[in-house]
Structure formats: structure tokens, C-alpha cells
Amino acid sequence: MSTTNEGRVYFALDGDDFDPDEITRFLGIEPTSVKRKGSKIPGRVPRMSSWQLSTQNIVDDYIDVFEMATEIVDKLRTKKELILQAKERFNVSARLEVVLWFSMKEDNSTPAIGFEIETVEFLGSIGAFVDIDTYKH
């Protein structure tokens with residue numbers, strides 16, 4: 001059993017049929033990772049392609065989703081119009097993903113999960129949805 005919490009936040013552009021490298025060129029931002037539909041990833045085959053920009057994976061007693069989400073949005077804020085154009089041009093959807101692993105130790109706090117007003121406004125302005133995945137360590 002892990003004694004600490006763990007988490008990361010990432011922004012993704014997901015779609016059925018696009019080349020993530022084209023989104024990289026279009027946005028002018030190097031992604032943290034990409035997935036290509038049908039490619040062989042150990043243990044599974046992605047059902048869709050995805051372009052992702054992620055925070056570091058944080059392993060700590062205290063995980064602050066507010067801070068991590070703000071970090072990602074700050075990197076994307078100046079690319080708002082390009083993101084909107086990319087959604088149309090490449091037929092992709094925008095997603096902010098929160099991935100958290102909770103420590104099962106009684107004396108550890110649970111992660112602070114929430115979003116600053118500016119983050120919510122930005123995500124709304126680009127038509128992004130938020131997905132939060134939680135797991136037990």
C-alpha cells in the first residue's frame with residue numbers, strides 16, 4: 001500500500017482520425033505525449049488518437065489539482081483561437097483530465113480537487129469537458 005497520494009493533470013485533443021503531429025505543428029506546442037488510434041501500446045490498443053499536454057506526475061502527501069490545472073491552462077491560454085480552429089479542422093474534442101491515486105493511509109489528506117474561475121472560463125470558452133479519474137493505491 002502506497003503511503004502518499006499521486007496525481008497529474010493533462011489537456012487532450014482527442015479524435016477518431018487525425019495525426020497528432022499535425023496538431024503539434026498547428027498549435028506550435030510540443031505535447032507531453034501522443035496516442036495514435038490502432039497503435040500497439042503495451043497492454044492495449046488506443047481506440048482514438050490523442051494529443052496531450054501534461055503536468056509532471058506529482059507524488060506527495062498533498063496534491064493540489066487547482067494548481068496543476070492552472071499550470072496547464074496557463075500554457076494554453078495564448079493558443080485559444082488555434083485550439084478552436086484545431087477542433088474544427090481536425091474534428092477533435094478538448095478535454096481536461098485529472099488522474100489521482102489516493103493513499104489508503106488514514107492520516108494522509110485527500111487531494112484538493114477544484115478549479116480556479118479563470119480555468120473554468122477558459123475551458124468553457126474552448127468547449128472542453130473535464131474528466132476526473134480516481135484510483136486507490
### Query
List the pairs whose first member sits in the stretch 120-133 and is at pLDDT 95 or above, whose second member is of a type in the set (Ser, Thr, Tyr) and crowded, with 19+ Cβ neighbours inside 10 Å, and whose Cβ atoms are under 9 Å apart, counting only residues at least 6 apart or on separate chains?
none
### Message
Which pairs turn up if I take residues in the stretch 43-57 that are more than 17 Å from residue 100 (Cβ to Cβ) and look for partners that are part of a strand (DSSP E or B) and β-branched (Val, Ile, Thr) with beta carbon separation below 6 Å, at least 6 apart in sequence or on another chain?
### Response
51/34
### Query
Mind checking which pairs have a first residue in the stretch 97-117 that is within 11 Å of residue 132 (Cα to Cα) and touching a residue at least 24 places away in the same chain (Cβ under 8 Å) and a second that is basic (Lys, Arg) and surrounded by 15 or more Cβ atoms within 10 Å (Cβ to Cβ), Cβ under 9 Å, 6 or more apart or different chains?
97/8; 98/8; 99/8; 100/8
### Task
Only residues that are of a type in the set (Phe, Trp, Tyr) and closer than 26 Å to residue 136 by Cα: list them for the stretch 1-56, please.
10, 11
## Note on the structure
Going through (1) of a type outside the set (Phe, Trp, Tyr); (2) exposed (fewer than 15 other Cβ atoms within 10 Å of the Cβ); (3) part of a loop (DSSP other than H, G, I, E, B) one by one, residue 108 fails only at (2)
#### Entry: Residue match in the stretch 65-77 (condition: of a type in the set (Gly, Ala, Ser), surrounded by 13 or more Cβ atoms within 10 Å (Cβ to Cβ) and within 21 Å of residue 132 (Cα to Cα))
yes
### Query
List, please: which pairs have Cβ atoms under 6 Å, are six or more places apart or on different chains, and start with a residue in the stretch 67-87 that is farther than 16 Å from residue 25 by Cβ and end with one that is surrounded by fewer than 17 Cβ atoms within 10 Å (Cβ to Cβ)?
70/116
### Residue, surrounded by the fewest Cβ atoms within 10 Å (Cβ to Cβ), within the stretch 2-61, restricted to residues that are among the aliphatic types (A, V, I, L, M) and part of a loop (DSSP other than H, G, I, E, B)
45
### Query
Given the structure, is residue 96 of a type outside the set (Asp, Glu) and under 11 Å from the mean Cα position of the chain (by Cα)?
yes
### Message
Could you check the stretch 83-105 and list, in sequence order, the residues that are surrounded by fewer than 20 Cβ atoms within 10 Å (Cβ to Cβ), of a type in the set (A, V, I, L, M) and in a loop (DSSP other than H, G, I, E, B)?
### Response
104
### Summary
Apart from one, (1) modelled with pLDDT of 95 or more; (2) in a strand (DSSP E or B) all hold for residue 79; the odd one out is (2)
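The values are calculated or read from the model by the stated rules, or taken from the named source; none is laboratory data. This is a predicted model, so every value here is computed, not measured. Neighbour counts are summed over all protein chains in view; Cβ atoms, including those assigned to glycine, are modelled from backbone coordinates with ideal geometry.
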